[in-house]
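> Mind looking over this structure? Questions follow.
The values are calculated or read from the model by the stated rules, or taken from the named source; none is laboratory data. No experiment lies behind these values; they were computed from the predicted model shown. Counting neighbours? That spans all protein chains shown, and the Cβs are built from the backbone with ideal geometry, glycine included.
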Amino acid sequence: MAVMMHEDEAPRRPELPKYVRVVGTIWLVLLLAVIIGALLAPHMGRLIDFALHQTSHRQWTAIRLQPDVVYFDRSGPIHTLQSYYSALYRVSASDMEALTNGALQKQMRRQMQGREAAKEVAAYRSFARVIEEAEGRAVVEEKFHLFWRRGLRFVMQDVADGWRVVAVGQSP
């Protein structure tokens, strides 16, 4: 006697136990996370900066400079800071003289003597914000990454022809 099989009764593959499927899925997710993490690791600082700048750190101004492009503007504290870095990167003694004042001017004059312009300098990027501003005086904080706790602190003075950097130090 021949036994007739219906389509529903076709032989099936044995199913894997549920825990094997769960463990396999977890392993696959972890493998993908490791691969994505390895691809994003070199860019993590910029990604975090972008996320912070779009959310909780909007008061910070992004500074981006090319070493071969001249930037010189002393109309405000942030612009003066950008000009300071532009002159420093180009090793422009005349611009540095116009951007600094007091003891810092003497120190920068000594540092600039005998230096040649940097040939292979990468583009400059950081973030800055004015943390104090009074009559004729401002304090600007700068960080190279927004998630860093400490940065640089620039004390600036407003003189007749624009802002000048008076002192540079680490922020507390």
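> Would you confirm whether any residue within the stretch 49-60 is assigned to a helix (DSSP H, G or I), of a type in the set (Gly, Ala, Ser) and modelled with pLDDT under 85?
Within the stretch 49-60, one or more residues are assigned to a helix (DSSP H, G or I), of a type in the set (Gly, Ala, Ser) and modelled with pLDDT under 85.
> For the stretch 157-165, state whether one or more residues are free of Cβ contacts under 8 Å to residues at least 12 places away in the same chain, among the aliphatic types (A, V, I, L, M), surrounded by fewer than 13 Cβ atoms within 10 Å (Cβ to Cβ) and assigned to a loop (DSSP other than H, G, I, E, B).
yes
> Inspect all residues belonging to the stretch 102-115 and state whether any of them is in contact with a helix residue (DSSP H, G or I) (Cβ under 7 Å, 6 or more places away or on another chain) and either assigned to a strand (DSSP E or B) or under 30 Å from Leu52 (Cα atoms) (or both).
Within the stretch 102-115 (the criterion being in contact with a helix residue (DSSP H, G or I) (Cβ under 7 Å, 6 or more places away or on another chain) and either assigned to a strand (DSSP E or B) or under 30 Å from Leu52 (Cα atoms) (or both)), the answer is no, since none of the residues qualifies.
> Among (1) without any contact (Cβ under 8 Å) to a residue 12 or more places away in the chain; (2) under 20 Å from Ala160 (Cα atoms), there is one condition Tyr84 misses while meeting the rest; what is its number?
(1)
> Does Gln66 satisfy the criteria of being out of contact with any helix residue (DSSP H, G or I) (no Cβ under 6 Å at 6 or more places or on another chain), of a type in the set (S, T, N, Q), within 20 Å of Trp148 (Cβ to Cβ) and at pLDDT 80 or above?
No: the conditions fail for Gln66.
> Within the stretch 95-110, can one find any residue that is touching a Leu at 6+ places or on another chain (Cβ under 9 Å), of a type outside the set (S, T, N, Q) and surrounded by fewer than 13 Cβ atoms within 10 Å (Cβ to Cβ)?
Scanning the stretch 95-110 turns up no residue that is touching a Leu at 6+ places or on another chain (Cβ under 9 Å), of a type outside the set (S, T, N, Q) and surrounded by fewer than 13 Cβ atoms within 10 Å (Cβ to Cβ).
> For the structure I just gave you, tell me whether Tyr124 is within 26 Å of Ala51 (Cβ to Cβ) and out of contact with any His (no Cβ under 7 Å at 6 or more places or on another chain).
Considered against the rule, which asks whether it is within 26 Å of Ala51 (Cβ to Cβ) and out of contact with any His (no Cβ under 7 Å at 6 or more places or on another chain), Tyr124 comes out as yes.
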